[in-house]
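Laboratory data are not the source of any read-out in this text; all were calculated from the coordinates shown. Quick caveat, the model's predicted, so the values are computed rather than measured. For neighbour counting, all protein chains shown are included, and Cβ atoms are generated from backbone atoms with ideal geometry for every residue, glycine included.
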Amino acid sequence: MSDMDEMDDGSGVVKKFMFLNRKAPHGTVYALEGLEVVLITAAFDQDVSMVFTDDGVFQLMKGIDSKGIEVKDFSKTYRALEGYDIEKLYVDQASMDARGLTEDDLIVDVTVLSVDEMANLMAEQDVVISF
Amino acid sequence: MSDMDEMDDGSGVVKKFMFLNRKAPHGTVYALEGLEVVLITAAFDQDVSMVFTDDGVFQLMKGIDSKGIEVKDFSKTYRALEGYDIEKLYVDQASMDARGLTEDDLIVDVTVLSVDEMANLMAEQDVVISF
Amino acid sequence: MLHIVNKSAAERSSLESCLRMATKGSAVLLIEDAVYAATNGNAAAAKIQAAAADLKIYALGPDLAARGMAGRVLDGVNVVDYGGFVDLVAEHSNCQSWL
Amino acid sequence: MLHIVNKSAAERSSLESCLRMATKGSAVLLIEDAVYAATNGNAAAAKIQAAAADLKIYALGPDLAARGMAGRVLDGVNVVDYGGFVDLVAEHSNCQSWL
Amino acid sequence: MQFGILVNEGPYTHQASDTAYLFARTAIEKGHKVPRVFFYHDGVNNSTRLATPPQDDRNVSARWSKLAEEHGVDLVVCVAAAQRRGINDDVLAPGFRISGLGQLVEMGIQYDRLVTFGD
Amino acid sequence: MQFGILVNEGPYTHQASDTAYLFARTAIEKGHKVPRVFFYHDGVNNSTRLATPPQDDRNVSARWSKLAEEHGVDLVVCVAAAQRRGINDDVLAPGFRISGLGQLVEMGIQYDRLVTFGD
């Protein structure tokens, strides 16, 4: 993805972008195509937060094996986000609880937030894009 | 629709077809495109039942005015179903109750069924197509 | 902040997810199939009325009319047209569509 | 009768609609995102386990594996592959997909 | 046994077309017949030969075409739904043809089972 | 004020593209600017010039084209999403162009608001 390293819209503006991931992987393409937007946004040197809530927390599951459905496994891309300076990864505590998940089940290190913390984080963004 | 009057697959078989309508109108196209299938099926002289459950009961609302969203109002088509010998129209009592609707709110005469009656009707079908 | 919901609360959980994260004083606009939640007798009406204590609730009039629901809007819900939708986006510093 | 559900019970109401209308002794197959409901710790698990008293509950194994859920399947849920899916359709006289 | 398959969603966005394909292929491998697959609603978008997905991803329309070629599956695209969505004979992948909804009803009448895949 | 619009669903099956269009047209009528609409996911299917919907129905891609022509709206179709779904330069309706996701990010950076319409 070296073609993305030097993107710049020329304005020098840095905005807060939140990507809100609410959908499970594979049932729909939103998780995969959402990752593509996140990577490009980081290449523009914007302030990127990725948030996983509702079924979106399932995107980060360890142990995904998608050979049987003959679809590409993109879950390792989440591990590569750090290399693109995307370090603000948040998951919603209540969504984890409702699915019986703990941080140990996830493929990357994340910050777990309460609903109030999530809500406040969202309210202070310039741009929220939800998939 | 006179081109549909004499359709025949040549087998002489009459099967029980149920069309299960579970989606509200306009938010998605399923209600409209579903009607197209129902009309064609009746033209093949099959035993057609149309069932409205969940948000599908909203398809039959009186007083629809879709000019403001610039989309065709197809709700009058339900009144024309009788002319195509589609007379078995059923609505789910529980779905009506959960939406504050009564038969007076609907654009056509229907038979109101309990959950058990709906379930038994579905179980005896040869083909169920759901939109 | 403006929250936009477009799916029926009887079919999807997006309204619930929205109400869970909308902070006091923010606005919620119901469009497309989401407008049913703002009508009398709907199972989601109680949820909307409870939310209206802390949030401003709007519903898109053309979507209500297209569903035969123009005369059934809950007290406390503000009906807007597309112009009002544009105004709501302009008036709030950011927005989130709960797809 | 075979009932097929393909959406997450946390996102949509289709599993609930299905369980409401499935008569005693019929089969319910969970595929795609619906398989999450058949896993330990999921909020829908209690619903599935209660339903398993009267219905036969199946989940598609390749969809469980693709979601990292192969090792978390609820007791009482039968895991099948695509061949088992085909068999279920063949064994039941009719089927309904709760889209 | 003869299975009819109805696909109501397009490729990639929803898993429906993938599941339908794997179901159809498996049914054939097990000795059943899949004489026809009908594509309705956004399902008509499976029929374009213009898709060029990334090389490490599956090509949804190409594998439907292959199934048609190898096993004689009739891939029918609903004409009314196709016209709304910009699918016509010029863009059809091999093995697909455009026809009316009667072809769907016939599947229900003539085959032993009809299975629907969608959103 | 400058609005960016993101459309994630195709025409007809979902109301999203209709709502986005009416929002954009109204914003322009009220004196705002809509410099660009970005089409992502199945939203790329709005851009085909091959659609021929029934005469009593709206033509979704044609009215996007008209908005572009009359008000200079830049209609951008995501290249990666388009390739997966069979949209290329040969089938584009007037006013649409294919480009990268950077065009979406730029809307977020440069405009006052970004509004998303989808499923």
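If N is the number of residues in the range A:27-92, what value comes out of its Cα radius of gyration divided by 2.2 N^0.38 Å?
1.14
Just the number, please: Stokes-Einstein D of chain F in µm²/s, Kirkwood Rh from C-alpha pairs, 10 °C, 1.306 mPa s.
Estimated diffusion coefficient is 114 µm²/s.
Assume the label is 7 Å from Cα along Cα to beta carbon: what separations in nm does B:Glu124 have to the matching positions in the other copies?
Those label-point separations list as 6.4 nm.
FRET efficiency for B:Glu87 and F:Asp56, Cβ-Cβ distance as r, R0 = 22 Å, nearest 0.05?
Here the calculated transfer efficiency is 0.25.
What three numbers, in Å, describe the spread of the alpha carbons of the protein assembly as shown along their principal axes, ordered from the longest?
In descending order, the Cα extents are 73, 51, 51 Å.
Name the residue, out of F:Val44, F:Val105, F:Val79, whose mean-square fluctuation peaks in a Gaussian network model built on chain F with Cα pairs under 10 Å.
With Cα springs under 10 Å in chain F, the top fluctuation among F:Val44, F:Val105, F:Val79 is at F:Val105.
Let's see if you can work this out: charge +1 on each Lys and Arg Cβ, -1 on each Asp and Glu Cβ, no other charges. What is the dipole magnitude of the range D:2-98 about its Cα centre, in debye to the nearest 20?
On the way: 8 positive and 10 negative charges, 53 e Å.
The calculation lands at about 260 debye.
Build a GNM of chain C with springs between Cα atoms under 10 Å: which of C:Val89, C:Val28, C:Val73 gets the top mean-square fluctuation?
C:Val89
Magnitude of the Cβ-charge dipole of the range F:15-59, K/R +1 and D/E -1, about the Cα centre, nearest 20 debye?
Using only the charged Cβ atoms, the result is roughly 300 debye.
If each residue's Cβ is checked for other Cβ atoms within 10 Å, how do A:Asp9, F:Asp89 rank with the fewest at the top?
Fewest to most other Cβ atoms nearby, the residues stand as F:Asp89, A:Asp9.
Check B:Ser130: other-chain or 5+ apart residues with amide H under 5 Å from its amide H, H built from backbone geometry?
Long-range HN contacts for B:Ser130: B:Leu20, D:Ser97.
Quick check: convex hull over the Cα atoms of chain A, volume per residue in Å³, rounded to an integer? Provide the component values of the computation, followed by the final result.
Working: hull volume 13.5 nm³, N = 131.
Taking the convex hull of the Cα positions in chain A, it is 103 Å³ per residue.
Name the chain C residue nearest the rotation axis between C and D, going by Cβ position, and give the distance in whole Å.
Measuring from each Cβ to the axis, the minimum is at C:Arg12, 3.
Can you list the distances in nanometres, one decimal and ascending, from the E:Asp57 label point to the identical position in each other copy, with the point 7 Å along Cα to Cβ?
Counterpart label points of E:Asp57 in the remaining copies fall at 2.6 nm.
For the range A:29-108, state which trypsin sites (Lys or Arg not before Pro) are in a DSSP loop and have at most 16 other beta carbons lying within 10 Å of their beta carbon.
In loop regions of the range A:29-108 (DSSP not H, G, I, E or B), the sparsely surrounded trypsin sites (Lys or Arg not before Pro) are A:Lys62, A:Lys72, A:Lys76.
What 222 nm value per residue comes from the helices of chain B, counting each DSSP H run with n ≥ 4 as -39,500 (n - 2.57) and dividing by all residues, nearest 500 deg cm²/dmol?
Theoretical 222 nm ellipticity from helices: -6500 deg cm²/dmol.
For C:Asn78, enumerate residues with amide H under 5 Å from its amide H, sequence gap 5+ or separate chain, H modeled in the peptide plane.
Distant-sequence amide H within range of C:Asn78: C:Ile57, C:Tyr58, C:Ala59.
Which of D:Val35, C:Val5 has the fewest other C-beta atoms within 10 Å, and how do the rest follow up to the most?
C:Val5, D:Val35
Taking other Cβ within 10 Å of each residue's Cβ, how do A:Glu82, D:Glu91 sort, fewest first? Please report the intermediate quantities before stating the final value.
Working: A:Glu82 12, D:Glu91 9.
By the 10 Å Cβ count, ascending, the order reads D:Glu91, A:Glu82.
Quick one: in chain A, whose Cβ comes closest to the A/B rotation axis, and how close in angstrom?
With distances in whole Å, chain A gives A:Thr28, 8.
Hey, for E:Gln2 with labels 7 Å out along Cα-Cβ, what do the inter-copy distances come to in nm, ordered shortest first?
E:Gln2 label point versus its equivalents elsewhere: 6.1 nm.
In the range C:36-99, which trypsin sites (Lys or Arg not before Pro) fall in coil by DSSP and have 11 or fewer other Cβ atoms within 10 Å?
none
Students often get this wrong, so check it: of C:Lys24/C:Lys56; B:Lys72/C:Lys56; A:Lys88/D:Lys7; A:Lys88/C:Lys7; D:Lys7/D:Lys56, which have C-alpha atoms separated by over 21 Å?
B:Lys72/C:Lys56; A:Lys88/D:Lys7; A:Lys88/C:Lys7
Kindly provide the trypsin sites (Lys or Arg not before Pro) of the range F:1-110 that DSSP labels as loop, not H, G, I, E or B, and whose Cβ sees at most 13 other Cβ atoms within 10 Å. It would help to have the intermediate numbers written out before the result.
Numbers: sites: F:Arg25, F:Lys30, F:Lys33, F:Arg36, F:Arg49, F:Arg58, F:Arg63, F:Lys66, F:Arg84, F:Arg85, F:Arg97; in loops: F:Lys30, F:Arg49, F:Arg58.
Sparse-neighbourhood loop trypsin sites (Lys or Arg not before Pro): F:Lys30.
Apply the Debye scattering formula to the range A:84-131, with a single equal point scatterer on each alpha-carbon and no solvent, then give log10 I(q)/I(0) at q = 0.23, 0.33 Å⁻¹.
So the normalised log intensities are -0.99, -1.24.
Looking only at Cα atoms, what is the convex hull volume of the range E:15-66 per residue, in Å³?
Details: hull volume 4.7 nm³, N = 52.
Hull volume normalised by residue count: 90 Å³.
Taking all pairs of distinct Cα atoms, average 1/r, flip it, and tell me the Kirkwood hydrodynamic radius of the range C:2-98 in Å to one decimal place. Write down the numbers at each step before the final one.
Numbers: mean 1/r = 0.0773 Å⁻¹.
That comes to 12.9 Å for the range C:2-98.
Calculate the FRET efficiency for B:Val115 and B:Asp45 from the Cβ-Cβ distance with a Förster distance of 25 Å, rounded to the nearest 0.05. Don't jump to the answer; show the numbers that get you there.
Values: r = 30 Å, r/R0 = 1.21.
Efficiency at R0 = 25 Å is approximately 0.25.
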